[in-house]
Amino acid sequence: MSKAPIAALFLLLGLCPMQGHASSDGSDGHILAADILTGVVPLGALALAWQKDDKDGMEQWAWSTGTALVLNSAARLAFNQTSWGERPNGHEYGFPSGHTSFIASGAAFLSERYGWRYGVPAYLATAYVGWVRVDNDKHRWRDVGAAAALSWAVSHYLVTPYEDDKTALVPIVSPEVIGLQFEHRF
């Protein structure tokens, strides 16, 4: 049985959390795209692990995504009754951003597990979602930045590189050297 239909199902599940948005300023398209990406990137990361038959990766995805979302939710509860909890539009639970936390958990997983080829596009999608959330007064930059940093830190701690990934591009920073190390195993 081919894994492609099931992988497509995981991607379509990303559409489930979408909410209807009405706006007169033309931002509907961006809000809808950001909502879709918020689900597609992390669920696409799980689908990729499943497609690669990467059982360790699927387990690490669950742990890293779950941990990031629990920590993000705890922070939202802790900050809600402070000035940081208020969103620019006056609503509650502003800090840190839940949308950004979820998509950044997928981006961080892809980057840590499968490398920059998957991580860079996912982080670009994360940046877009963060921009949309700020541009539409759903959050402030601190809200999306904190959520992304939290998700990255969790994945950095819980996710290990995939064994079949033969190419690595690693930043090197030391008192003597600043640069990039490229490695390819044959």
**OP:** Would you confirm whether any residue within region 117-137 is assigned to a helix (DSSP H, G or I), surrounded by fewer than 21 Cβ atoms within 10 Å (Cβ to Cβ), free of Cβ contacts under 8 Å to residues at least 60 places away in the same chain and in contact with a Lys or Arg (Cβ under 7 Å, 6 or more places away or on another chain)?
**Re:** yes
**OP:** Check His99 against each of (1) of a type outside the set (S, T, N, Q); (2) modelled with pLDDT under 85; (3) touching a Pro at 6+ places or on another chain (Cβ under 8 Å) and name the one condition it does not meet.
**Re:** (3)
Original post:
Of the residues that sit in region 150-165 and are in contact (Cβ under 8 Å) with a residue 12 or more places away in the chain and small (Gly, Ala, Ser), which one is surrounded by the most Cβ atoms within 10 Å (Cβ to Cβ)?
Top reply: Ser151
Original post:
Residues in region 55-77: is at least one small (Gly, Ala, Ser) and touching a Lys or Arg at 6+ places or on another chain (Cβ under 6 Å)?
Top reply: yes
**OP:** Kindly indicate whether Arg142 is touching an Asp or Glu at 6+ places or on another chain (Cβ under 8 Å), part of a helix (DSSP H, G or I) and among the charged types (D, E, K, R).
**Re:** no
**OP:** May I ask you to list the residues in region 36-66 that are surrounded by fewer than 21 Cβ atoms within 10 Å (Cβ to Cβ) and under 19 Å from Val144 (Cβ atoms)?
**Re:** Ile36
**OP:** Considering only residues that are hydrophobic (A, V, I, L, M, F, W, C) and within 7 Å of Gly106 (Cβ to Cβ), look in region 39-57 and name the one that is nearest to the chain's Cα centre (by Cα).
**Re:** Val41
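For every residue, the table says whether it meets (1) modelled with pLDDT of 85 or more; (2) of a type in the set (A, V, I, L, M); (3) touching a His at 6+ places or on another chain (Cβ under 9 Å).
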{"site": "Thr126", "(1), (2), (3)": "yes, no, no"}
{"site": "Ala147", "(1), (2), (3)": "yes, yes, yes"}
{"site": "Thr167", "(1), (2), (3)": "no, no, yes"}
{"site": "Pro171", "(1), (2), (3)": "no, no, no"}
{"site": "Phe186", "(1), (2), (3)": "no, no, no"}
**OP:** Of the conditions (1) assigned to a helix (DSSP H, G or I); (2) without any contact (Cβ under 8 Å) to a residue 60 or more places away in the chain, Pro88 clears all except one; give me its number.
**Re:** (1)
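The values are calculated or read from the model by the stated rules, or taken from the named source; none is laboratory data. The structure displayed is predicted, hence computed values, not measured ones. Counting neighbours? That spans all protein chains shown, and the Cβs are built from the backbone with ideal geometry, glycine included.
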